Amino acid sequence: MALTFDVVVLGAGAAGMMAAIEAGRRGRRVLLIDHAAKAGEKIRISGGGRCNFTNTGIEASRFLGANPRFALSALKRFSQWDFIERINRAGIAWHEKTLGQLFCDGSAKQIVDWLLAELRDSGVELWLGCEPGEISRDSQGFRITTNRGLQSCESLILATGGKSIPKMGATGYGYKIARDFGLAVTETRPALVPLTFAEQELDWIRPLAGVALPVRIAAGKTRFDEAMLFTHRGLSGPAVLQISSYWREGEAVSVDLLPGGDPAGMLKAFKKQNGAAGIGTALASFLPERLAKHLAQRLGPVRPLAELSGEELERIGAGLRDWRLMPVGSEGYRTAEVTLGGVDTDGLDAKTLQAKAVPGLFVVGELVDITGWLGGYNFQWAWSSGWAAGQVA
Ligand code: FDA
């Protein structure tokens, strides 16, 4: 029986669309399938609606996985600069926000619309609302059952993403198919996710919901200098999302509320100038006022600074530089931006993302055991890995 397509791509997210465009450009007959009603939904909602589409500082140390260096081949062959060039050619205006993070000036929908136009120009067939099921392989290629009939192809690209945000169509389907073909899948867990706390710590955190400040947060040897946000459920903000990828159950995180500062010195200087003031007033000179007041309440009955010894101020300062917290977990896949872990890179060719033991099978994007930091790294991995598979599939 003749094959219905040369290439079938499962998952019309960032990685799947890029792979389909590239394969289509090579003249391959490509079918791109997604069970969602729209393509690229995560792109649309990403970066607060402006899509942080890449980062200028791409390097292996900003990726996690059993072997982060695996990602380098694809990231170098189709780099952030290559993606920026395409965005420029498409006339999509962008700006650098901070830390090398590039965002659209306008809506993230511009990127989705541009990718959809590229799919059309490359002759890719896009089937939305199409549910793939069982997949088998014979000497000719792959056979995929779908609710729109049996499809067959020479090359199959798995691009169904991770488990984060099930409400948006995330499933464990790609992991299952990979396993069915004998590929190993490393342990998966939610990452770039707010951390949650036991009631005792929450009692402390909850009244501060909405307060944000720059901090240095550390788990083990990893640390980030970014903003932290207190919420009704725990701690969030870029600093906490970043550290969540490294934190493990049973570990404490340490928060420095005045990174690089000398709070004890500042309190002593304040005391010299205004000994009659309370500690809350002194703390509010360098911390957000609500946080300062809250901390002051925790330190006991109000006493003028003049009554606090140098030693006491040292102790308070040290506490601000190393606030130890014991998260009990995270908000999970419901709000996680990405999934840590995935298809084991040992079984994949780094240059093409093809399964070493299953010629014609490719795995790209978040489904692979490669996870980036917050800040455009995950999209760049999706573009680069999708591009690499699209060159040969
Ligand atoms: P992605 O998840 O995008 O696509 C997978 C596709 O497969 C989906 O369209 C899904 O419907 C489909 N699918 C799943 N199961 C299927 C099945 N059984 N059958 C058929 N189709 C199936 N990253 C970044 O770099 N910058 C940013 O600004 C952000 N912001 C951000 C915000 C939020 C709220 C989230 C949740 C995530 C981000 N990310 C991000 C992460 C980024 O969205 C993510 O890394 C990429 O979308 C991964 O691209 P993929 O194409 O691999 O998967």
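The values are calculated or read from the model by the stated rules, or taken from the named source; none is laboratory data. If you're wondering where the values come from, they're calculated on a predicted model, not measured in any experiment. Cβ coordinates were reconstructed from backbone atoms using ideal geometry, including for glycine residues, and neighbour counts include every protein chain displayed. Ligands, DNA and RNA are stripped out before the accessible areas are found, and what is left, the full protein with its side chains, is counted by its heavy atoms. Shrake-Rupley method; radii C 1.70, N 1.55, O 1.52, S 1.80 Å.
A few remarks follow.
- Taken over the stretch 19-62, the criterion of being among the hydroxyl-bearing types (S, T, Y) and within 21 Å of L367 (Cβ to Cβ) is satisfied by S46, T54.
- In the stretch 37-57, the residues that are in contact (Cβ under 8 Å) with a residue 60 or more places away in the chain and open to solvent by 50 Å² or more (accessible area, probe 1.4 Å) form Cβ pairs under 7 Å with partners that are more than 6 Å from the ligand (Cβ to nearest atom) and in a helix (DSSP H, G or I), at six or more places apart or across chains, as follows: K42/M168; R44/K109; R44/V112.
- No other residue among F83, F70 is open to solvent by less than 20 Å² (accessible area, probe 1.4 Å), more than 14 Å from the ligand (Cβ to nearest atom) and either within 20 Å of the chain's Cα centre (by Cα) or touching a residue at least 60 places away in the same chain (Cβ under 8 Å) (or both) apart from F70.
- Checked against the criterion of being more than 9 Å from the ligand (Cβ to nearest atom) and open to solvent by 10 Å² or more (accessible area, probe 1.4 Å), the stretch 378-385 contains not a single residue that satisfies it.
- Of the residues making up the stretch 291-312, not a single one is under 28 Å from K221 (Cα atoms), in contact (Cβ under 8 Å) with a residue 60 or more places away in the chain and of a type in the set (D, E, K, R).
- Condition check for A355: surrounded by fewer than 17 Cβ atoms within 10 Å (Cβ to Cβ) and modelled with pLDDT of 95 or more: no
Conditions (1) away from the ligand (no atom under 12 Å from the Cβ); (2) within 20 Å of V338 (Cβ to Cβ); (3) surrounded by fewer than 17 Cβ atoms within 10 Å (Cβ to Cβ); (4) in contact (Cβ under 8 Å) with a residue 40 or more places away in the chain, marked per residue:
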position	(1), (2), (3), (4)
A14	no, yes, no, yes
A20	no, no, no, yes
A74	yes, yes, no, yes
G91	yes, no, yes, no
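- The set of residues from the stretch 248-260 being out of contact with any Gly (no Cβ under 8 Å at 6 or more places or on another chain) and touching a residue at least 40 places away in the same chain (Cβ under 8 Å) comprises A252, V253, S254, V255, D256, L257, L258, P259, G260.
- Considering residues of the stretch 160-187 that are hydroxyl-bearing (S, T, Y), assigned to a loop (DSSP other than H, G, I, E, B) and open to solvent by 30 Å² or more (accessible area, probe 1.4 Å) only, the residue farthest from A36 (Cα to Cα): T186
- D344 vs. criteria free of Cβ contacts under 8 Å to residues at least 60 places away in the same chain and either out of contact with any strand residue (DSSP E or B) (no Cβ under 6 Å at 6 or more places or on another chain) or over 15 Å from F181 (Cβ atoms) (or both): no
- Of the helices (runs of 4 or more DSSP H) entirely within the stretch 256-317, those holding at least 3 residues that are under 30 Å from I243 (Cα atoms) and open to solvent by 70 Å² or more (accessible area, probe 1.4 Å) occupy 289-298.
- Residue match in the stretch 219-232 (condition: open to solvent by 10 Å² or more (accessible area, probe 1.4 Å) and over 17 Å from V255 (Cβ atoms)): yes
- Failed item, numbered, when R298 is tested on (1) touching a strand residue (DSSP E or B) at 6+ places or on another chain (Cβ under 9 Å); (2) at pLDDT below 95; (3) not aliphatic (A, V, I, L, M): (1)
- Among the residues of the stretch 25-36, the ones that are more than 15 Å from P132 (Cα to Cα) and either open to solvent by 10 Å² or more (accessible area, probe 1.4 Å) or within 9 Å of the ligand (Cβ to nearest atom) (or both) come to 5 in all.
- Some residue of the stretch 303-311 being out of contact with any Gly (no Cβ under 8 Å at 6 or more places or on another chain) and within 30 Å of R248 (Cβ to Cβ): no
- Scanning the stretch 362-374 for residues that are in a loop (DSSP other than H, G, I, E, B) and more than 7 Å from the ligand (Cβ to nearest atom) returns D369, I370, W373, L374.
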